[in-house]
1. How many residues are more than 11 Å from the chain's Cα centre (by Cα) and at pLDDT 85 or above if we restrict to segment 100-119?
2. Which count do you get for residues in segment 75-104 that are of a type outside the set (Ser, Thr, Tyr) and within 11 Å of Ser59 (Cβ to Cβ)?
3. Criterion first (in the same structural domain as Lys70 (by TED's automatic domain parsing) and closer than 19 Å to Ile32 by Cβ) does Thr111 satisfy it?
4. So which of Leu40, Leu33, Leu49 ends up being of a type in the set (A, V, I, L, M, F, W, C), under 17 Å from Met103 (Cβ atoms) and at pLDDT 75 or above?
5. Please find, among Asp37, Asp64, the residue that is closer than 20 Å to Ile124 by Cα and not assigned by TED's automatic domain parsing to the domain that holds Ala122.
6. Enumerate the pairs (first residue in segment 88-103 and of a type in the set (Lys, Arg); second residue anywhere and not in a loop (DSSP other than H, G, I, E, B)) with beta-carbon separation below 6 Å, excluding pairs fewer than 6 apart on the same chain, so at least 6 apart or on different chains.
Amino acid sequence: MEFLLLLILFQLCRISNHTDKLSSEFFRTRQILRSVDEKLTKLLQHYGLERKVISNRVSLLLEDYPNHRKNEVLKVVHKITGLGLKDAKELIEKVPCILPKSMTFVDAELTKVKLNYVGAIASIKEEIA
C-alpha cells in the first residue's frame, strides 16, 4: 500500500514539473513574440512604411469545450480573467461566450493556445473602437 502511495506521489510530482515547464515555455514564447513585434515595427518605420492596425485590443471567444475537460478550462479562464472560480464557472457554462478581459493580439493568441491545449475551442475577435 505504501509503495502504491509513493508511486502516485512520484507521478504527481512529474506532472507538476511538466506543468511548470509548459508555463515557462508560454511565458518565453510571449516574450519572443513581443520582441519580434517590436523589431517588425522598427523595420517598417525605417523604410517609411506604416503598419495598419485595425484595433490594438482584441477579445477572446470561448466557443466550446469537451465536458470532461471542464475543470481544466475553468482553471485557465479563472487564471487569465482574474474572475473568481464561481464567476468563471458561470461564464464557461454559457458557451459560446466572450471572455471579459480585453488583451493584445499576442496575449490573445497565447491564451487561445492554452485553451486549445486543454481541449477548448477559442477564436480571436477584434474589438470595435
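1. Residues that pass the stated criteria total 1.
2. The total comes to 6.
3. Yes.
4. Step by step, each of Leu40, Leu33, Leu49 is checked, and only Leu33 is of a type in the set (A, V, I, L, M, F, W, C), under 17 Å from Met103 (Cβ atoms) and at pLDDT 75 or above.
5. Values: Asp64 fails: not assigned by TED's automatic domain parsing to the domain that holds Ala122.
The unique qualifying residue is Asp37.
6. Filtered contacts from segment 88-103: Lys89/Leu74; Lys101/Thr81.
The values are calculated or read from the model by the stated rules, or taken from the named source; none is laboratory data. It should be emphasised that the depicted structure is a prediction, and the values quoted were computed from it without experimental measurement. Ideal geometry is used to build each Cβ from the backbone, glycine not excepted, and the neighbour counts take in all protein chains shown.
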